[in-house]
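Notes to accompany the following structure.
The values are calculated or read from the model by the stated rules, or taken from the named source; none is laboratory data. Please read all numbers here as calculations on a predicted model, not as lab measurements. Please note: Cβ atoms are built from the backbone with ideal geometry, for glycine as well, and neighbour counts cover all protein chains shown. Protein only, heavy atoms only, side chains kept; ligands, DNA and RNA dropped before computing areas. Shrake-Rupley method; radii C 1.70, N 1.55, O 1.52, S 1.80 Å.
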Amino acid sequence: MKIAFVGKGGSGKTTLSSLFIRHLAGLGAPVVAVDADINQHLGPALGLDEAEAAALPAMGDRLPLIKDYLRGSNQRIASAETMIKTTPPGEGSRLLRVCEDNPVYDACALPVELDGGAVRLMVTGPFTEADLGVACYHSKTGAVELCLNHLVDGPGEYVVVDMTAGSDSFASGMFTRFDITFLVAEPTRKGVSVYRQYKEYARDFGVVLKVVGNKVRDRDDLDFLRAEVGDDLLVAVGHSDWVRAMEKGRPPRFELLEDANRRALRILQVAADATYELRDWERYTRQMVHFHLKNAASWGNARTGADLAAQVDPGFMLGEGVIAPV
């Protein structure tokens, strides 16, 4: 299942995504965790120290390798240089699967040991001094979108992405790449404003959106969220001494997380697993093509000097049964 955590800055989306990743790892589930936020806090939230987090291989720095691998023998793509973040797979493209070894994981994924299990952690990489004035930070997340476009996952497999803050995900088609999106919202007007934006923007794309209330202290906070987001409110999370210790760099064993918060994580997993039956690979592929054509016309063709619409393979549909070249 492909799962996104979104929310305004400071809402706690990275903390909750890291808890969910720990929960899945503790069950022995295969997990690929992706930090698609240029602030790069997911590694420390999963227990890495500053030096380890700073040494994580950035996907953005390895984009040529990623493109070259995913392109495979796809004759519709003239060269890796003509691939952009929205380039869809076609006949001959190589696909990524959660439970496999491949050059992309070798170059970009770090195995992270957690209580009771391990996950693969991938990061976009931070916005650097060299990027100032010459690059948009969305160029950093392009590697994530390209990988998601070429990713095939099955039931019981999880790709958990900690997204950029606010509604910035709508600067590309990446918001449509998920089975479910968990929007983390505090019980404040600012907290629910991102929810309203997300709900409005995603309305026509079949996005499954559920709200996770965070920093909920009492009945009044809960009633506020229910009044603002209605049935989209899935679960609410309150104060956690375990999280406070984790933020100090001294997390107890994960099994000591408060019972109420463990129940909340199980609710998230049940909701994510339930979306498997709703999967529509035809719609998923169609949306991928839609955003590719949109990006090609607006900037891609001019930047690459190629007609990127020709990269679309009209006979190809992404799905679990697709056999890609090795």
TODO: Quickly work out the THR188-to-HIS41 label distance, labels modelled 7 Å from Cα along the C-beta direction, and quote it in nm with one decimal.
DONE: 1.3 nm
Open item on the list: If I model a spin label at ALA302 and ASN102 as a point 7 Å from the Cα along the Cα→Cβ vector, what separation in nanometres do I get?
Closed with: 3.3 nm
Open item on the list: Under the rule of at least 5 residues apart or a separate chain, name every residue whose amide H is placed under 5 Å from the amide H of VAL211.
Closed with: LEU183, LEU233, LEU234
TODO: Kindly express, to the nearest 10 degrees and within the range 0 to 90, the angle between helix 138-149's C-alpha long axis and the longest C-alpha principal axis of the chain.
DONE: 80 degrees
Task: Charge context of GLU91, other residues only, Cβ under 11 angstrom, K/R +1, D/E -1 - done: 0
Open item on the list: Can you give me the long-range amide H partners of LYS2? Hydrogens built in the peptide plane at 1.01 Å from N, cutoff under 5 Å, separation of 5 or more residues or another chain.
Closed with: VAL159, ASP179, ILE180
Task: Nearest-ten-degree value, helix 259-274 long axis tilted from longest Cα axis of the chain - done: 30 degrees
TODO: Just grab the label-to-label distance for GLU52 and TYR201, each label 7 Å out from Cα along the Cβ direction, in nm (one decimal).
DONE: 3.3 nm
Task: Fraction of accessible area attributable to carbon and sulfur, the chain (%, probe 1.4 Å) - done: 51 percent
Task: Cross-link partners of LYS8 among lysines (Cα-Cα below 26 Å; sequence separation of 8 or more within a chain) - done: LYS85, LYS140, LYS190, LYS199, LYS210, LYS215, LYS248
Open item on the list: How much accessible area per residue does the chain have, counting only protein heavy atoms and a probe of 1.4 Å, in square angstrom?
Closed with: 45 Å²
- [ ] Just need the relative contact order of segment 1-78 here, percent rounded to a whole number, with Cα pairs under 8 Å and 6+ apart.
- [x] 19 percent
- [ ] First select every other residue whose beta carbon is under 13 angstrom from the beta carbon of ALA324; then total the charges, Lys and Arg +1, Asp and Glu -1.
- [x] -1
Open item on the list: Please compute the contact order of the chain in relative form: average sequence separation of alpha-carbon pairs under 8 Å and at least six residues apart, divided by the residue count, as a percent.
Closed with: 27 percent
Task: Longest site-free stretch - the chain; sites: GluC sites (Glu not before Pro), DSSP loop, at most 13 other Cβ within 10 Å - done: 101-319
Task: Principal-axis tilt of helix 281-295 within the chain, Cα atoms, nearest 10 degrees - done: 70 degrees
